[in-house]
Amino acid sequence: AMEILARRTGGACIATVRVADELIIAASAGEGQRGTATTLVGQRLPFSPPTGAVFAAWLNVHERDRWSEGARHPHVMSASLKCVVQRGYSVGLRTPAQKVLSDRLLAAAERKDQAVDVQDLLDELAYDPPELTPDLLRNIRLISAPVFNSAGEVELALTLYDFAKPEAGSGISHYIDQITSVAQEVTSRLGGFLPD
């Protein structure tokens, strides 16, 4: 499913799992627009705001609040998580910090180093704005969708990035529909369900 998604969008797709306070890239498909064969599998990121919102959004209230408290503006992060649940996916916007993060991940992967220090970038990353205006839609760099297990918990996240520039108008909506559809398909294969 990830390979098909990568082909259809001209992008790259990763599957990320949460292990305690880390997010680990567990699988990868496609080469994206950069055409790099470097795999990000094994790379680790902190499970702290704003990374991992697609996991945090479906935690219980206590765990979700504790995760949000790690943000510079916890109330803004809490509102962002509500947007993620309402939309059914998370988006990351193109920012200078996002570019640096991407470059660090690729450099670490090429060195076969799984530990990437990104703590200094977290406050500069832009995820899940309350409103997706046309300008913001044109500025989406990555889209993450949750895959649920049979307990209704987020088992993993699929993230589409480095995709071909979307067509004018609703082009990015097509990519959003593609990744959410694939996430639902994988959820179904796992016998999972979206909790109420």
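Backbone geometry of region 147-154 corresponds, through the Karplus equation with coefficients 6.51, -1.76 and 1.60 at θ = phi - 60°, to 3J(HN,Hα) couplings of 10, 9, 9, 6, 9, x, 9, 6 Hz, x marking Gly and Pro. The length gained on full extension between Ala27 and Arg87, counted as 0.36 nm times the residue separation minus their Cα-Cα distance, comes to 19.2 nm. If only the Cβ of Lys and Arg carry +1 and only the Cβ of Asp and Glu carry -1, the dipole of the chain around its Cα centre is close to 360 debye. Among the protein heavy atoms, those of Trp67 account for about 20 Å² of accessible surface (1.4 Å probe, every chain in place). Heavy-atom accessible area with a 1.4 Å probe sorts Asp162, Asp196, Asp21, largest first, into Asp196, Asp21, Asp162. Amide H contacts for Leu156 (H built 1.01 Å from N in the peptide plane; partners 5 or more residues away or on another chain; cut-off under 5 Å): Val147.
Note on surface exposure: Lys82, Lys99, Lys165 rank Lys165, Lys82, Lys99 by accessible area, highest first, 1.4 Å probe.
Note: relative contact order over the chain, using C-alpha pairs below 8 Å and six or more positions apart, is 26 percent. At a probe radius of 1.4 angstrom, the accessible area of the chain per residue rounds to 51 square angstrom. Per residue, the Cα convex hull of the chain amounts to 110 Å³.
For Ala71, no residue whose modelled amide H falls within less than 5 Å of its own remains once neighbours fewer than 5 places apart on the same chain are excluded. Applying the Karplus relation 6.51 cos²θ - 1.76 cosθ + 1.60 with θ = phi - 60° to region 135-144 yields 3J(HN,Hα) values of 5, 5, 4, 6, 9, 6, 9, 8, 10, 10 Hz, where x marks Gly and Pro.
Gain on full extension, evaluated as 0.36 nm per residue between Ser173 and Glu124 minus their Cα-Cα distance, stands at 15.1 nm.
Along region 21-31 the Karplus relation, 6.51 cos²θ - 1.76 cosθ + 1.60 evaluated at θ = phi - 60°, assigns HN-Hα couplings of 9, 10, 10, 10, 6, 9, 7, 8, 8, x, 10 Hz to successive residues, with x for each Gly and Pro.
The values are calculated or read from the model by the stated rules, or taken from the named source; none is laboratory data. The shown structure was predicted, so the numbers you read here are calculated from the model rather than taken from an experiment. Note that we place each Cβ from the backbone using ideal geometry, even for glycine, and neighbour counts take in every protein chain shown. Keep in mind that these areas ignore ligands, DNA and RNA; they rest on the heavy atoms of the full protein, side chains included. Shrake-Rupley method; radii C 1.70, N 1.55, O 1.52, S 1.80 Å.
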